[in-house]
Amino acid sequence: MTRWLKRISLFLILLVLLAVATVYLLLRASLPQYSGNAQLSGLMDTVKVERDEYGVASVFASNRLDAARATGYLHGQERYFQMDLMRRQVSGRLSELFGPIAVDLDHQMRMHDFARHAQNALV
C-alpha cells in the first residue's frame, strides 16, 4: 500500500512539474524578441533596431516607410495584449475574455458601433 502511495505521489509531483514547465514555456514564448534577426515582409531595405540598457528601442532605416513598418512591428510585439484589450473594449467584446462581469460594458460600447465606423474608415 505504501509503495503505491509513493508511486502516485511521485506521478502527481511529476505532473505538476510538467504543468509548471508548460506554462512557463508558453508565457516565455509570448515575450518580445530583444536580440537576433527577424524577417518582416514589405521592407524595401534593411532596418536596424538597437536597444539601450533600459530596453528602449531605436529604429534605423533608410526610408520612412521601413521605419514606420519596423516601429509598428516593435509596438505590436511589445504591447499586443494591451492592443487586443483596447480593440475588444471598443468593439464591445470584452466579455469574450472576462465573462458575464463585462457584459454591461459591452452593451454600452456596442451602442456606439465603433467597430463598424472603424471598418468604414478603412474602406
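The values are calculated or read from the model by the stated rules, or taken from the named source; none is laboratory data. Keep in mind the model is a prediction, meaning the values are calculated, not measured. Cβ placement follows ideal geometry from the backbone for every residue including glycine, while neighbour counts extend to all protein chains displayed.
Among the residues of the stretch 44-56, are any in a strand (DSSP E or B), among the hydrophobic types (A, V, I, L, M, F, W, C), surrounded by 10 or more Cβ atoms within 10 Å (Cβ to Cβ) and at pLDDT 95 or above? Explain how you work it out, then say what you get.
The initial filter retains those residues of the stretch 44-56 that are in a strand (DSSP E or B), namely 48-51.
Next, only the ones that are among the hydrophobic types (A, V, I, L, M, F, W, C) stay: 49.
Those still in the list that are surrounded by 10 or more Cβ atoms within 10 Å (Cβ to Cβ) too: 49.
With the extra rule that they be at pLDDT 95 or above, the set shrinks to none.
Scanning the stretch 44-56, I find no residue that is in a strand (DSSP E or B), among the hydrophobic types (A, V, I, L, M, F, W, C), surrounded by 10 or more Cβ atoms within 10 Å (Cβ to Cβ) and at pLDDT 95 or above, so the answer is no.
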**Message:** Residue pairs, Cβ under 6 Å, 6 or more apart or interchain, first in the stretch 73-94 and more than 29 Å from Phe60 (Cβ to Cβ), second assigned to a loop (DSSP other than H, G, I, E, B) and not hydroxyl-bearing (Ser, Thr, Tyr). List them.
**Reply:** Arg88/Leu94
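Being loosely packed, with under 11 Cβ neighbours inside 10 Å and within 30 Å of His117 (Cβ to Cβ) is the filter here; which residues of the stretch 57-91 pass it? Working first, answer last.
Initial filter on the stretch 57-91 (loosely packed, with under 11 Cβ neighbours inside 10 Å): 58, 64, 81-82.
Answer for the stretch 57-91, where residues must be loosely packed, with under 11 Cβ neighbours inside 10 Å and within 30 Å of His117 (Cβ to Cβ): Arg64, Phe81, Gln82.
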**Asked** Residue check, Leu26 against (1) within 28 Å of Ala118 (Cβ to Cβ); (2) within 19 Å of the chain's Cα centre (by Cα); (3) assigned to a helix (DSSP H, G or I), all met but one. Which one?
**Response** (1)
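With Ala57, Ala38, Ala67, Ala19 as the choices, which residue is of a type in the set (Gly, Ala, Ser), outside the structural domain of Leu97 (by TED's automatic domain parsing) and within 25 Å of Phe98 (Cβ to Cβ)?
Details: Ala57 fails: within 25 Å of Phe98 (Cβ to Cβ); Ala38 fails: within 25 Å of Phe98 (Cβ to Cβ); Ala67 fails: within 25 Å of Phe98 (Cβ to Cβ).
Testing whether each residue is of a type in the set (Gly, Ala, Ser), outside the structural domain of Leu97 (by TED's automatic domain parsing) and within 25 Å of Phe98 (Cβ to Cβ) leaves just Ala19.
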**Asked** Which is of a type in the set (A, V, I, L, M, F, W, C), in contact with an Asp or Glu (Cβ under 9 Å, 6 or more places away or on another chain) and either assigned to a helix (DSSP H, G or I) or at pLDDT below 90 (or both), of Ala38, Ala102?
**Response** Ala102
**Prompt:** Looking at (1) of a type in the set (D, E, K, R); (2) within 19 Å of the chain's Cα centre (by Cα); (3) assigned to a helix (DSSP H, G or I), can you tell me which one Asp66 breaks?
**Reply:** (2)
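Can you tell which of Val47, Val20, Val16 is without any contact (Cβ under 8 Å) to a residue 24 or more places away in the chain, in contact with a helix residue (DSSP H, G or I) (Cβ under 6 Å, 6 or more places away or on another chain) and more than 23 Å from Gln82 (Cα to Cα)? Show your work before the answer.
Numbers: Val20 fails: in contact with a helix residue (DSSP H, G or I) (Cβ under 6 Å, 6 or more places away or on another chain); Val16 fails: in contact with a helix residue (DSSP H, G or I) (Cβ under 6 Å, 6 or more places away or on another chain).
Residue meeting the stated conditions: Val47.
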